[in-house]
């Protein structure tokens, strides 16, 4: 699912100011609702454990389009539908500023028939001054740590993404991937080249896959992570009243790509139809633009450290494309000509 957006300089200048809306009472969801929500009318949206937003529609179940946050501890569902979106950050009307942004401790589910989906879509051509955090909460009480709440993002469908940052749009804040994230092809599909995490816009902040994060893309020439836009440090912006997390400290963003988890691309696990082949994956990670703070794949430097071993894996090699050419799919590909 590719997204290209170009704005003229004059249009960009007109839209550069942060959004202003009349204040709305915040919304807390404690049970299941079948109506889509947007922050411009619902204020800050908190979906509690046991609550949920469930729709079946082309478009977003939840939209961030004002200076408000969304915290999901329950479930967001948009299943069995082409062009379905879980959460859309829509900056079309101007910059969005919020210190919490999108915090996901629950499920975002876009499974079933349909194509062209995105669990989290950031678009609109302006800047989202906020972090995006998918994480787990762990209790240390008792003999062993246990997960109390955890992010799970699952998408099924060709030409779909788990996370999409559209070209021409900027995130100014860290993007943290945690919990379970899975992209699978449409049933019985032979379509090639689906991408789980597609970063075509500008990320000003760290891109972090946390310890215990598991990202999986399954399909013919499927790719986990494609970075086509630049990654640079988070930028404070006094004109909109925004300060980056940990600004001025040793933990400040450096514009780095950091992996402490597991990133896996698989062609096919078990063929489920006689017409299917034993497909190979694409590259698990593709870096096609600048990463100012560099790329770090975690692992112990000595036998006594507790740093977890991060993994990046794929089962791609050399395959024949639909046009008759060959496709070389190393597990990690650094190539500025990629698209």
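Nothing in this text is a laboratory measurement; each read-out follows from the coordinates by a stated rule. Please read all numbers here as calculations on a predicted model, not as lab measurements. Note that each Cβ is placed from the backbone with ideal geometry, even for glycine, and that neighbours are counted across all protein chains shown.
Whole Å is fine, so just give me how far the alpha carbon centre of region 108-136 lies from that of region 41-98. Spelled out, the Cα-based centre of one part sits 9 Å from the other. Across region 81-116, the residues whose backbone nitrogen lies under 18 Å from the label position 7 Å along the beta-carbon direction of residue 56 are 81-86, 109-116. Among 206-216, 48-58, 174-184, the peptide with the highest mean count of other Cβ atoms within 10 Å heads the list, and the full ranking is 174-184, 206-216, 48-58. Assign one of three labels to region 140-260, namely rounded, prolate or oblate, based on the Cα gyration tensor with a ≥ b ≥ c the square roots of its eigenvalues; rounded applies when a/c is under 1.5, prolate when it is not and a/b is larger than b/c, and oblate otherwise. Since a/c reaches 1.5 but b/c is at least a/b, the shape of region 140-260 is classed as oblate.
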